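These notes concern the structure reproduced below.
The values are calculated or read from the model by the stated rules, or taken from the named source; none is laboratory data. Everything quoted here is computed from the prediction, not taken from an experiment. So basically every Cβ, Gly included, is an ideal-geometry build from the backbone, and we count neighbours across all protein chains shown. Side chains are part of the model used for accessible areas, which takes the heavy atoms of the whole protein and leaves out ligands, DNA and RNA. Shrake-Rupley method; radii C 1.70, N 1.55, O 1.52, S 1.80 Å.
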Amino acid sequence: MKNITKAIIPAAGFGTRFLPATKAVPKEMLPIVDIPTIQYIVEEAVNSGIRDILIVTSSYKTCIENHFDQSYELECKLLEKQDEEHYQMMERIASMANIFAVRQKHPRGLGHAILCGEAFIQNEPFAVLLGDDVVVNKEKGAIAQLMEAAYAYEGSVVGVQRVADAAVHKYGIVAPKEQMSERIVKLATMVEKPSLAHAPSNMAVLGRYVLEPEIFAYLKNQPPGAGNEIQLTDAIARLAQDKNVYACDFEGTRYDVGDKLGFLQAQIDFALGREDLHDAMAEIIRNTHKKLS
């Protein structure tokens, strides 16, 4: 497999689960403490060695592109104030990767969003990172683990973790065909959001993929599936009938920041993990516990 140097981050959705906050602010720009969610996703890709990133956006999400661009007026103000810390922070954000953007003109699902990036990918294997899943692993990020598996087994790889039975219906679920190693299985197929009774496993696809460029051929003639949308899961299931596709049970703490409770949990844990906020956050938690006792 060729070196993976490109990634697609789909970010065109309306974020209806977080209305009214997302009426004017993209959900990808909602901060975990003081860093927009999408920056964590971009940083994960960059830390894996990826430098060219396409963000699939929609008409009201230009602020995502602005976030990763130079802001000369702000930077000049910071220099005038001799605020070197924040100046260097802005410089780092603007230079961490080559950020490109394309608009998904019609909301036709995740598979269609990925198809919008075909010209950018240009017949190379690529990574896909969804913004609803933030994964923390200080040693090796989730997408880096998938890339490692893709190189080892020379095929497309989906990132999975086991979920509770009550949550199976929320995800694409993989049907294992063959155990390749402790954390890698070869896929038989995938099912998008099955009922528990019809789920082939509890291994859920959680927002990380490494895909061979052949996926575009499947997406182009993929009929609408769940929600009357073009589902990436359905196209990968068809790809798995013709080529080897694998699932990597990646290591790391995952936060479902597309869910309100998951988003709140991320706020607490990320604050506790910061040296400048840990003690104050711990005190807030202790005081809240006393009130509930």
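One residue stands out in region 129-146 among those that are open to solvent by 20 Å² or more (accessible area, probe 1.4 Å) and assigned to a helix (DSSP H, G or I): the one that is farthest from residue 36 (Cα to Cα), namely 145. Could you go through region 37-45 and let me know if any residue there is in contact with a His (Cβ under 8 Å, 6 or more places away or on another chain), on the phi < 0 side of the Ramachandran plot and not acidic (Asp, Glu). Yes.
For every residue, the table says whether it meets (1) touching a strand residue (DSSP E or B) at 6+ places or on another chain (Cβ under 6 Å); (2) within 29 Å of residue 33 (Cα to Cα).
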{"site": "75", "(1), (2)": "no, yes"}
{"site": "78", "(1), (2)": "no, yes"}
{"site": "81", "(1), (2)": "no, yes"}
{"site": "95", "(1), (2)": "no, yes"}
{"site": "107", "(1), (2)": "no, no"}
{"site": "123", "(1), (2)": "no, no"}
{"site": "127", "(1), (2)": "yes, yes"}
{"site": "148", "(1), (2)": "no, no"}
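Within the set 73, 44, the sole residue that is within 24 Å of residue 135 (Cβ to Cβ) and not in a strand (DSSP E or B) turns out to be 44. Only residues that are closer than 30 Å to residue 110 by Cβ and either open to solvent by less than 60 Å² (accessible area, probe 1.4 Å) or not in a helix (DSSP H, G or I) (or both) were counted in region 76-98, giving 5. Residues of region 1-44 that are in contact (Cβ under 8 Å) with a residue 40 or more places away in the chain, open to solvent by 60 Å² or more (accessible area, probe 1.4 Å) and of a type in the set (A, V, I, L, M): 1 alone. Being farther than 17 Å from residue 237 by Cα, open to solvent by 90 Å² or more (accessible area, probe 1.4 Å) and part of a loop (DSSP other than H, G, I, E, B) is the filter here, so list the residues in region 167-198 that pass it. 182 - this is the single residue of region 167-198 that is farther than 17 Å from residue 237 by Cα, open to solvent by 90 Å² or more (accessible area, probe 1.4 Å) and part of a loop (DSSP other than H, G, I, E, B). Reported count of residues in region 147-166, each being out of contact with any helix residue (DSSP H, G or I) (no Cβ under 9 Å at 6 or more places or on another chain) and in a helix (DSSP H, G or I), is 7. Being over 17 Å from residue 6 (Cα atoms) and of a type outside the set (Ser, Thr, Tyr), is that true of even one residue in region 115-124? No: zero hits. Scan region 86-124 for residues that are of a type in the set (Asp, Glu) and closer than 24 Å to residue 218 by Cβ and jot them down. Those that are of a type in the set (Asp, Glu) and closer than 24 Å to residue 218 by Cβ: 118, 124. The helices (runs of 4 or more DSSP H) found wholly in region 213-293 and carrying at least 2 residues that are within 22 Å of the chain's Cα centre (by Cα) and surrounded by 21 or more Cβ atoms within 10 Å (Cβ to Cβ) occupy 215-220, 232-242. Residues in region 47-58 that are surrounded by 16 or more Cβ atoms within 10 Å (Cβ to Cβ), at pLDDT 95 or above, not charged (D, E, K, R) and not in a loop (DSSP other than H, G, I, E, B): 53, 54, 55, 56.
Among the residues that make up region 178-190, is at least one of them among the polar types (S, T, N, Q), free of Cβ contacts under 8 Å to residues at least 40 places away in the same chain and closer than 26 Å to residue 64 by Cβ? For region 178-190, residues among the polar types (S, T, N, Q), free of Cβ contacts under 8 Å to residues at least 40 places away in the same chain and closer than 26 Å to residue 64 by Cβ: absent. Taking each residue of region 259-270 that is closer than 11 Å to residue 17 by Cβ and looking for partners that are open to solvent by less than 60 Å² (accessible area, probe 1.4 Å) with beta-carbon atoms closer than 7 Å, six or more apart or interchain, yields 262/255; 262/256; 263/257.
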